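S.K.: Handing you this structure, nothing more for now.
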Amino acid sequence: MNSFEIQKIISAILITVLVVFGIGKISDFIFDKDEDSVVAYKVDPPESDIVKNEAEASLDLKAMFALADLAHGEKVFKKCAACHLINKGGENKIGPALYGVIGRKVASKENYKYSKAMASYDKNWTFEEMNGYLKKPQSYIKGTKMAFAGLRKEKDRASVILYLNENSDNPLPLP
């Protein structure tokens, strides 16, 4: 091995070290990190640890529906419209048609193949049920095939529920 080959190997190692450290310094410059900030994750308690009675739930719904706006619900529903129709007599798409869904039995829309989890969920779509489901569908009814992250904001959920309730032959009275 002559000295020229050794020089190439040492140069390659030095360039690699300089590139790695240089990228680190450049990324520190671009992504300004605050050393004083606390890095933490918010951990929600399991649903079994959350206990609410019906009076508290109805108070929460009343407060939530105070935020609701029908026009806002129609706007937010556009996220749902990729998979669901809301018009009377609308056909099922990727998801079932949602006209008159509030007050209806879960997984009761004809000509739609529901997941086993939804089919075995023996409840009606009340305001409380719809609120919980729209918040995080995958964790509310485990095994549902609805691939939607959910609506985090209470105003969005309340407005969509109000919009769903209004799109019915017999809208339910608000809490």
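S.K.: For the condition out of contact with any strand residue (DSSP E or B) (no Cβ under 7 Å at 6 or more places or on another chain) and at negative phi, what is the one hit in LYS93, LYS105? Reasoning before the result, please.
M.R.: Values: LYS105 fails: out of contact with any strand residue (DSSP E or B) (no Cβ under 7 Å at 6 or more places or on another chain).
That would be LYS93, the only listed residue that is out of contact with any strand residue (DSSP E or B) (no Cβ under 7 Å at 6 or more places or on another chain) and at negative phi.
S.K.: For a quick check of your reading of the model, give me the residue pairs whose first member lies in the range 56-83 and is charged (D, E, K, R), whose second is at pLDDT below 85, with beta-carbon atoms closer than 6 Å and at least 6 apart or on different chains.
M.R.: Between residues of the range 56-83 that are charged (D, E, K, R) and residues that are at pLDDT below 85, the close pairs are LYS62/PRO175.
The values are calculated or read from the model by the stated rules, or taken from the named source; none is laboratory data. Treat the numbers as computed from the prediction; the structure is a model and nothing was measured. In this analysis, Cβ positions are derived from the backbone assuming ideal geometry, glycine residues included, and neighbour counts consider all displayed protein chains.
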